[in-house]
1. What are the residue pairs meeting all of these: first residue in the stretch 343-362, first residue closer than 17 Å to residue 298 by Cβ and basic (Lys, Arg), second residue open to solvent by 60 Å² or more (accessible area, probe 1.4 Å) and modelled with pLDDT of 95 or more, Cβ atoms under 6 Å, and 6 or more apart or on different chains?
2. Can you confirm whether the stretch 348-368 contains a residue that is closer than 25 Å to residue 72 by Cβ and either within 24 Å of the chain's Cα centre (by Cα) or modelled with pLDDT of 95 or more (or both)?
3. In contact with a Phe, Trp or Tyr (Cβ under 6 Å, 6 or more places away or on another chain), modelled with pLDDT of 95 or more and more than 27 Å from residue 459 (Cα to Cα), is that true of residue 33?
4. Tally the residues that are of a type outside the set (Phe, Trp, Tyr) and within 18 Å of residue 360 (Cβ to Cβ), restricting the search to the stretch 383-416.
5. For residues that are within 30 Å of residue 269 (Cα to Cα) and in a loop (DSSP other than H, G, I, E, B), scanning just the stretch 170-210, find the one that is modelled with the highest pLDDT.
6. Name every residue in the stretch 373-394 that is more than 22 Å from residue 416 (Cα to Cα) and exposed (fewer than 14 other Cβ atoms within 10 Å of the Cβ), in order of residue number.
7. Please give the number of the condition residue 310 fails out of (1) surrounded by fewer than 16 Cβ atoms within 10 Å (Cβ to Cβ); (2) farther than 14 Å from residue 348 by Cα.
8. Could you list, in sequence order, the residues of the stretch 18-61 that are closer than 30 Å to residue 95 by Cα, open to solvent by 30 Å² or more (accessible area, probe 1.4 Å) and among the polar types (S, T, N, Q)?
Amino acid sequence: ARDAGDYRVGKGWSGGSKVPGSFNRTDTGSVGLSWVGDQGYLGAAYTRQTAKYGLPGHNHSFDGCHTHGDHLHCGDHAGDEADGHDHGHDAAAGDVPVVDLRSERFDVRGELRNPFAGFSALRLRAGATDYRHDEVEDGAIGTTFKNKAYDTRIELQHEPIWGFKGLIGLQTSQRKFSAEGAEAYVQPTVTRKAGLFVLEEYRWNDWRFEGALSHDRQTAEAQTSGIERSHNGTSASLGAVWKFTPGYQVGTSFTRASRAPSAEELYAQGLHMATSTYERGNADLRSEISQNIDVGLKKTSGDTTFGVSVFRNRIQNYIYGRTLDALDGLQLLQYSQADATFTGIEGQVRQRLTRNLGITLFGDTVRAKLDGGGLLPRIPATRAGLRLDANWQAWEGQVEWVQVARQNRVADFETATPGYGMLNLGLAYSSQTAGGTPWQLYVKANNLTDRLAYAHTSFIKNAAPLMGRNITVGVKVAF
């Protein structure tokens, strides 16, 4: 259970000290039962969640917004009322809509060992989800979202063949989505997916090789318009890890992946209040095809340990939300595609200072751009940090400074995000009861300097800055 009120932000925010609508009240419960035998197991579980939370950044002036070509119009004009464009509210500007959510999920897991000759295991995973949430405004339900989904995964693990270990499998899913009400930005859709896959591993001396191959088909049907789009895609990957000397390893992977557009990317048409956008889909979107190379080096033993990896990902027909216009915080988002390239590096190095003390330097950065020129929106800023960790008997703790750089490599209609630094602290005491049950008492203190900070990847970054100074005290018990 979680009951959190509106959170406070760092000092100096023009919107006040708290983010309106950032409260969250959630209850989650799960129960499961399994039969376990000599040759496998079969189990089932039921999970239920209810929640009520706000939608920060909602502005009542958005309710009447619509498009004129590639531009937004949010004011009244002649004929609007007759044309059904008058969606004004009398509520105060500070009011926010509340999401009233209910979700139920059934899961089945099973495994049969040595099902038949040549195979060592047969595994089953299946689930069914019934999800619904109402967006309540001024005490009345404005929009209802429903999502019923089913998914199944079957794996058949084979006995080693010429040194190869692996499995073959089948995965299917179906998603029925609908939105009804004033802010239903996607017509009812049914999305069906099916895929076959093979995973293999081979070890030779200090080398480990991994390979995967899959073929997927997706069909997305818009039930109101009757439009149906099908996409097929084949993905493959090959990776290798070489432990060339004790404590060191180098790894690389090559991947060609295909991703079909989602129903929202294909058929969206309307206001999406959760992200303060007016979204327009594109039913002619093709599948993304990405080619990625990743190289990493690790040192895993000794007083000095480190890990660093670099990657380059070239994506043909990359699907993204391109902003065509912006007005008073509302963005007109057109799902588009173009060839793009992502390049990045991440790493960390830890130096043990004494038996009980260590220091770590870490960081990551990514650059993303369209091959035809231009920058992509909502790309995270460069980040670096320094962490000091310590342990003594049952105590362990750490203190770290994380510095996030200014993000001024922005796309059209996107605002730059200032950099910030955060000081975080953690302390924990671990023990166990007389019966041997482990427990831990911990305290976490984040953003101790109470810095005002924004997440550049968020659609509503200016309406909902990151949390200011916050302290958490808790107890964890494992049983």
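1. 352/303
2. There is no residue in the stretch 348-368 that is closer than 25 Å to residue 72 by Cβ and either within 24 Å of the chain's Cα centre (by Cα) or modelled with pLDDT of 95 or more (or both).
3. It is false that residue 33 is in contact with a Phe, Trp or Tyr (Cβ under 6 Å, 6 or more places away or on another chain), modelled with pLDDT of 95 or more and more than 27 Å from residue 459 (Cα to Cα).
4. 17
5. 188
6. Those that are more than 22 Å from residue 416 (Cα to Cα) and exposed (fewer than 14 other Cβ atoms within 10 Å of the Cβ): 392, 393, 394.
7. For residue 310, the failing item is (2).
8. Scanning the stretch 18-61 gives 24, 28, 49, 50, 59, 61.
The values are calculated or read from the model by the stated rules, or taken from the named source; none is laboratory data. Remember, it's a predicted structure, so these values are computed and weren't measured experimentally. Quick reminder, even Gly has a Cβ in these numbers, built from the backbone with ideal geometry, and neighbours come from all protein chains shown. We work out accessible area using only protein heavy atoms, side chains counted, and drop any ligands, DNA or RNA first. Shrake-Rupley method; radii C 1.70, N 1.55, O 1.52, S 1.80 Å.
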